[in-house]
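Dumping the structure here so I can ask a few things about it.
The values are calculated or read from the model by the stated rules, or taken from the named source; none is laboratory data. From a predicted model like this one, the values you see are computed outputs, not experimental measurements. Every residue, glycine among them, receives a Cβ derived from its backbone with ideal geometry; neighbour counts consider all protein chains shown. Ligands, DNA and RNA are stripped out before the accessible areas are found, and what is left, the full protein with its side chains, is counted by its heavy atoms. Shrake-Rupley method; radii C 1.70, N 1.55, O 1.52, S 1.80 Å.
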Amino acid sequence: MKRFLSALVVFFVFSCSKNSDYSNDSFGVEGPVIKDYITKVTLKEEQKAILEEGNGFSSGLLRMAYDGENTVVSPLSLQMVLSMVVNGAEGNTSAEILRTLGYGSFGIEAVNDYCKAVLEQLPALDKGVVINNANAIIVDDSFKMLPEYSSLAKEYFYAPAESVSFKSGEAVKKINAWAKKNTNGQIDPFIESLPGNVVSLLLNAIYFKSKWADRNGESLFLTEDIIKEREFMTEKDGIARMDFLSTTAVVPYFENDYFQIVALPYSEGRFLLYAVLPKNVETESLSGLLDIMSESSFRLTDHPFISSKVSIKIPKFEICSSFDLTDVLKKMGIKDAFDKSKADFSNMYQTIYGTEKVWLGGVIQKSVIKISEWGTEAASVTAARMNQETSSGGNSTTPVLFDANHPFIFFLAEKDTGIILYEGAFTGVASGR
C-alpha cells in the first residue's frame with residue numbers, strides 16, 4: 001500500500017501516546033450510557049446480514065492495508081465513519097460507498113439501525129471489558145450542516161456536530177483532545193494541522209481494554225511463564241528475538257490445510273483474540289493467506305471451533321499503525337466520493353453561498369494494540385475529511401501445539417456475532433507507518 005503522500009505528512013502525525021492528562025477542549029457526548037448489561041448481542045435478521053457482509057469488507061481491508069510490516073487497523077471504526085458519510089451522499093456516490101462496504105442490497109435505514117445497535121450493545125456485553133465507541137462531527141463555521149443530517153447523526157450515531165473556525169488552531173486542538181479522551185490517551189496527537197480546503201471532519205474513536213479470562217483463578221498468561229528473548233522467524237528468513245507469552249489451556253481451536261486458529265478469551269469470554277497462523281511457514285506467506293481469506297470473504301463465524309487443549313506460545317507485542325486509506329478505498333470501489341466533479345453530498349451540507357462543491361478529500365486512521373500477560377489495550381481513531389474547492393487553501397488430552405514463532409494474522413472480535421473491532425498482522429518487522 002502506498003505510504004502517506006508528502007502533502008499529508010503535516011496533517012497526520014505518526015505517534016502513539018501514553019499520556020492520560022485530558023484536556024477540557026474536547027466536545028460532544030461520546031455515546032450511549034450503559035443502563036443494563038446484556039449477555040448477548042441481539043440483531044434483527046437484516047442486521048445479521050449486514051454484519052456478515054461487513055466482515056467480508058474487513059477481510060478485504062486487511063489485505064489491502066498489509067504491506068509486510070506489523071499492521072493493525074480497525075474495520076469497525078472505518079465502517080462507522082463511512083456509514084456516517086454515506087448518509088450525506090446521494091446517487092452513485094452513495095451507491096459506491098454502500099457497495100464497497102458490502103451494504104449495497106440494504107437500505108440506508110437498515111444500515112443506520114445496525115450501527116446504532118452495535119454502538120449501544122457492544123459496550124454493555126461484559127463488565128470486565130472497557131469499550132468506548134464514539135462518533136463526532138466538526139464543521140468549519142463557514143459551512144452549515146443540514147438540520148436533517150445533524151439530527152440523523154445524533155439519533156443513530158450519537159454524533160454531536162460542532163461548528164468551529166478552521167482558520168484558527170481551535171479545531172485541531174478540539175479534535176486532538178477528543179481523540180485523546182476517547183482512546184484513554186492512546187492516540188495523541190491525532191492530527192497536527194488541517195489543510196486549507198477542509199470544511200468538515202467526521203470522526204470515530206474505538207477503545208478496548210480487558211484482562212485475559214481467568215484460568216483456575218489465575219490469568220490465562222502468567223508473568224513467570226514468559227519466555228524471554230525467543231526466536232521469531234520473519235518471512236524473509238530473518239530471525240528476531242522477543243518475549244513470548246506461554247500457556248497450555250482449553251480454548252476454542254480450528255485448523256484446516258492452510259492455517260490454525262486459536263481463540264484467546266478476555267474477561268467473561270464474550271470477546272476473543274483470534275490468532276491465525278499459516279500451517280507451513282516455508283510455503284505460506286501472510287500475503288498468500290490474506291489473498292485466500294479475501295477471495296473467500298473470510299468470516300470468523302464460518303469455522304467450527306472446538307474446545308481443545310492447546311499449548312500456546314505467542315509474542316508479546318505492541319503495534320502502532322497510521323494509514324491514509326484514501327487509495328485503498330478507491331481500489332475497493334469508492335470512486336465518485338473522492339472526485340470533486342462527481343461527488344454528491346447534497347444530503348449533508350448547505351453553505352453560506354450555496355454553490356461550493358464538496359467531496360471526500362481523504363480517510364485516515366491511526367490504531368494501536370498492546371498484547372501482554374495482563375491482557376490487551378487497543379485504540380483507533382478514524383476521520384473522513386470533507387473538502388471544498390477554495391482559492392484561499394484551507395478446547396484433547398494431548399495439547400495441540402500453536403507456536404506463533406512466525407508471522408501471523410490476528411482479529412479482536414465479539415464471540416457470537418464475529419464483529420471485528422481490530423485486525424492486523426504481526427511479522428516481527430517494525431512498522432514504518
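Take the residues in region 253-290 that are polar (S, T, N, Q) and outside any strand (DSSP E or B), then tell me which one is modelled with the lowest pLDDT. Explain how you work it out, then say what you get.
Step one: of region 253-290, the residues polar (S, T, N, Q) are 256, 260, 267, 280, 283, 285, 287.
Applying the additional criterion that residues be outside any strand (DSSP E or B) yields 256, 267, 280, 283, 285, 287.
Values: 256: 87, 267: 95, 280: 73, 283: 55, 285: 80, 287: 86.
For region 253-290, the residue satisfying everything is 283.
Just give me the residues in region 60-89 being at pLDDT below 95, part of a helix (DSSP H, G or I) and either in contact with a strand residue (DSSP E or B) (Cβ under 7 Å, 6 or more places away or on another chain) or open to solvent by less than 10 Å² (accessible area, probe 1.4 Å) (or both), in sequence order.
61, 62, 65
Output the residues belonging to region 253-295 that are of a type in the set (Ser, Thr, Tyr) and more than 19 Å from residue 424 (Cβ to Cβ).
253, 267, 283
How many residues, within region 293-309, are among the aliphatic types (A, V, I, L, M) and open to solvent by less than 40 Å² (accessible area, probe 1.4 Å)?
We begin by selecting, within region 293-309, every residue among the aliphatic types (A, V, I, L, M); these are 293, 300, 306.
Now restrict to residues that are open to solvent by less than 40 Å² (accessible area, probe 1.4 Å): 293, 300.
Within region 293-309, residues that are among the aliphatic types (A, V, I, L, M) and open to solvent by less than 40 Å² (accessible area, probe 1.4 Å) number 2.
Does residue 278 satisfy the condition of being more than 21 Å from the chain's Cα centre (by Cα) and surrounded by 20 or more Cβ atoms within 10 Å (Cβ to Cβ)? Before the answer, list the steps.
On the way: more than 21 Å from the chain's Cα centre (by Cα): yes; surrounded by 20 or more Cβ atoms within 10 Å (Cβ to Cβ): yes.
Criteria met by residue 278.
Still on this structure: Mind counting the residues in region 90-148 that are part of a strand (DSSP E or B) and among the acidic types (Asp, Glu)? Can you show your working first?
Filtering region 90-148 down to residues part of a strand (DSSP E or B) leaves 129-140, 143-145.
Okay, now just the ones that are also among the acidic types (Asp, Glu), so 140.
Residues that pass the stated criteria total 1.
Among the residues of region 195-209, count how many are hydrophobic (A, V, I, L, M, F, W, C) and open to solvent by 30 Å² or more (accessible area, probe 1.4 Å).
0
Residue-wise test of (1) under 24 Å from the mean Cα position of the chain (by Cα); (2) assigned to a strand (DSSP E or B); (3) farther than 30 Å from residue 82 by Cβ.
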site: 180; (1), (2), (3): yes, no, no
site: 185; (1), (2), (3): yes, no, no
site: 188; (1), (2), (3): yes, no, no
site: 196; (1), (2), (3): no, no, no
site: 203; (1), (2), (3): yes, yes, no
site: 207; (1), (2), (3): yes, yes, no
site: 232; (1), (2), (3): no, yes, yes
site: 251; (1), (2), (3): no, yes, yes
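Let's see how each residue does on (1) crowded, with 19+ Cβ neighbours inside 10 Å; (2) out of contact with any helix residue (DSSP H, G or I) (no Cβ under 7 Å at 6 or more places or on another chain):
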position	(1), (2)
107	no, yes
118	yes, yes
121	yes, yes
124	no, yes
127	no, yes
158	yes, no
167	no, yes
173	no, yes
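If we scan region 310-318, do we find a residue that is more than 27 Å from the chain's Cα centre (by Cα) and crowded, with 19+ Cβ neighbours inside 10 Å?
Of all residues in region 310-318, those more than 27 Å from the chain's Cα centre (by Cα) come to 310-311.
Pick out the ones that are also crowded, with 19+ Cβ neighbours inside 10 Å and you get 310.
Looking for residues that are more than 27 Å from the chain's Cα centre (by Cα) and crowded, with 19+ Cβ neighbours inside 10 Å, one finds at least one in region 310-318, hence yes.
Next question, about the same structure. Quick check: anything in region 277-300 closer than 23 Å to residue 414 by Cβ and β-branched (Val, Ile, Thr)?
Checked against the condition, which is being closer than 23 Å to residue 414 by Cβ and β-branched (Val, Ile, Thr), region 277-300 yields no hits at all.
Okay, next question. Considering only residues of region 24-55 that are of a type in the set (D, E, K, R), surrounded by fewer than 16 Cβ atoms within 10 Å (Cβ to Cβ) and closer than 19 Å to residue 158 by Cβ, which is modelled with the highest pLDDT?
Here the answer is 36.
Of a type outside the set (Asp, Glu), over 23 Å from the mean Cα position of the chain (by Cα) and more than 20 Å from residue 139 (Cβ to Cβ): is that true of residue 321 in this structure?
Values: of a type outside the set (Asp, Glu): yes; over 23 Å from the mean Cα position of the chain (by Cα): no; more than 20 Å from residue 139 (Cβ to Cβ): yes.
Judged against the criteria, residue 321 is not a match.
Just checking, does region 236-253 include any residue being open to solvent by less than 70 Å² (accessible area, probe 1.4 Å) and within 30 Å of residue 153 (Cβ to Cβ)?
Here is the first cut: in region 236-253, the residues open to solvent by less than 70 Å² (accessible area, probe 1.4 Å) are 238, 240, 242-249, 251-253.
In the following step, the residues that additionally are within 30 Å of residue 153 (Cβ to Cβ) were identified as none.
No - not one qualifying residue is present in region 236-253.
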